[in-house]
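Student: Here it is: the structure, laid out below.
Every number in this text was worked out from the coordinates using simple rules, so none of it is lab data. None of these values were measured; they are calculated from a predicted model. With ideal geometry, Cβ positions are generated from the backbone for all residues, glycine too; neighbour counts draw on all protein chains shown.
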Amino acid sequence: MREPGGQGGRRLRLVAIADSDSYLKWAAATLSALPADAELVVVDTPVRPSPGQLAAAVQGSAITAEAVRVLALADVVARVASVRPDAVLVATRGPQARVLLRELARLDPRPALVTGLPGISIPATSKALFFRHQADLLIVHSHREVREFRALAAEGGAARPIALATLPFARAGAPPGEEVLRGPRGRDLVFAVQSRVPADLGERRHLARILLEAADADAARRVVVKVRAVGRERQTHDERHPLPTLIAREAARAGREVPPNLVVSNASMGAALETAQGLATVSSTAAIEAIARGVPVLALDTFGVSDALINTVFEGSGLLGSGDDLVKRRFRHPSAEWLHDNYFHASEDDELADRLGQVCEARRRGELAPRDGLPVVGGELRLRWQRLRAFPGSERAPVRVLVAAIGHPSRAAVRLARWISRPLRMRTAADRATGSYAP
């Protein structure tokens, strides 16, 4: 793998744009792995990281928290236009990526547009490709992800430039092998919380009870519930039923206190793994980070294994286990066969440096193909609507009122029409999937 470079071998200049805590962490780590001059900004949205989240996200990277600025959408675009970088890494959620890529593609000269996904991206989804349609390069992190996204793009009739890059968090330890499986260094059971998995309230209550039982099973060792946000902090996906709250409620229902060895932490995942005996999760990318550090893992299958739970990637890994396994701390190391296809490929398989160098060289020569957006029904008003929803403060007040007055009813009508057009069996299945148990 060669280093990305421009004319005369000069170092590339990169700008990365992030919006939420998980994308910020991924962007900082990705920039740190590239031999380029780079800066990182956070675009202002309702989910922008707090100062504490920002510090945790960049910890261990080459980016300092003080160097990261928070800018409004218009100021981000103006900054890119002023700096004229070789490439921009758009590290944001899908709707925000769509708007940013569209606006950056209008710059003249425009930078090469690179984007990606910040963690486990199995199953590959057409939505991920749809929102990032205008990117010149999509970064994914395993041989399996490359296959699935390329197949999905082919089904949609559009070849997509895709680059394989080691997940930055998988670089924390030695290459897969005996050194990675060296064993844990601590005594904590670390549970990586996810805001949307499992989504069902009844299942999240069940998970809370499992964690209480794990704490009761060994009062001399901690159960650390690792969260990404506390209080009014936001995260990439809102947590409708915060697990720490449910733990407290389940303890109260049982007429007891939360055990003192069950603690909630919003420190960085790296810090949590330093004192971990093992990590448990349903499907968090933290599992990959733990494997890279030699910390054994348990991928909880108590609620099933499905695309909706984002844990089908762990099939065949040897990591899946039950709630009883969690209580008894029966952590595992992954199978060697699974490692190569899933995030622990050889470093020489990485393509990002080469692919990034190629698109930047094409830009320098004026040969970078235009990346037109997908056709939009509704014209400029629809574009303004998408922009306003992705970046609520990006339009002037009169425009916001006008777009919202037309956009909200139109969106509701489109959703109703789509729902009616689906077969009845699909509608009822969707209704069941989004339901929840009463508290």
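Student: What FRET efficiency comes out for residue 185 versus residue 108 if R0 is 56 angstrom and r is the Cβ-Cβ distance? Round to the nearest 0.05.
Tutor: 0.60
Student: Could you check the simple spin-label distance between residue 336 and residue 196, using points 7 Å along Cα→Cβ, in nm with one decimal?
Tutor: According to this spin-label approximation, the distance is 3.7 nm.
Student: Sort 359-372, 90-103 for me by packing, meaning the mean count of neighbouring Cβ atoms within 10 Å per residue, highest on top.
Tutor: The peptides rank, most packed first, as 90-103, 359-372.
Student: Here is a follow-up. Compute the distance in nm between two label points, each set 7 Å from the Cα along the Cα-to-Cβ direction, one at residue 364 and one at residue 322.
Tutor: Going by the 7 Å Cα→Cβ label model, 6.0 nm.
Student: Please list, in chain and number order, the residues 5+ apart from residue 298 or on another chain whose amide H is under 5 Å from its amide H, with Hs placed from the backbone.
Tutor: 279, 280, 281, 332
Student: Another question about this same structure. Measuring from label point to label point, each 7 Å out along Cα→Cβ, what is the residue 84 to residue 257 span in nm?
Tutor: So the label points at residue 84 and residue 257 sit 6.5 nm apart.
Student: Viscosity 1.567 mPa s, temperature 4 °C: Stokes-Einstein D of the range 180-333 from its Kirkwood Cα radius, in µm² per second?
Tutor: For these conditions, the coefficient is 84 µm²/s.
Student: Could you let me know the centre-to-centre spacing of the range 124-167 and the range 282-341, using Cα atoms, in angstrom?
Tutor: Cα centroid of the range 124-167 versus Cα centroid of the range 282-341: 24 Å apart.
Student: Reachable aspartates and glutamates from residue 127, Cα under 20 Å, same-chain residues fewer than 8 places away excluded?
Tutor: Of all the aspartates and glutamates, those that pass the test against residue 127 - Cα under 20 Å, at least 8 places apart if same chain - are 19, 103, 136, 145, 148, 155, 238, 307, 372.
Student: A follow-up question, please. Just tell me which lysines come within less than 19 Å, Cα to Cα, of residue 25; anything on the same chain fewer than 8 places away is out.
Tutor: Output for residue 25: 226.
Student: While we're on this one: Fully extended, how many nm does the chain gain between residue 347 and residue 219 (0.36 nm per residue separation, minus their Cα-Cα distance)?
Tutor: 41.9 nm
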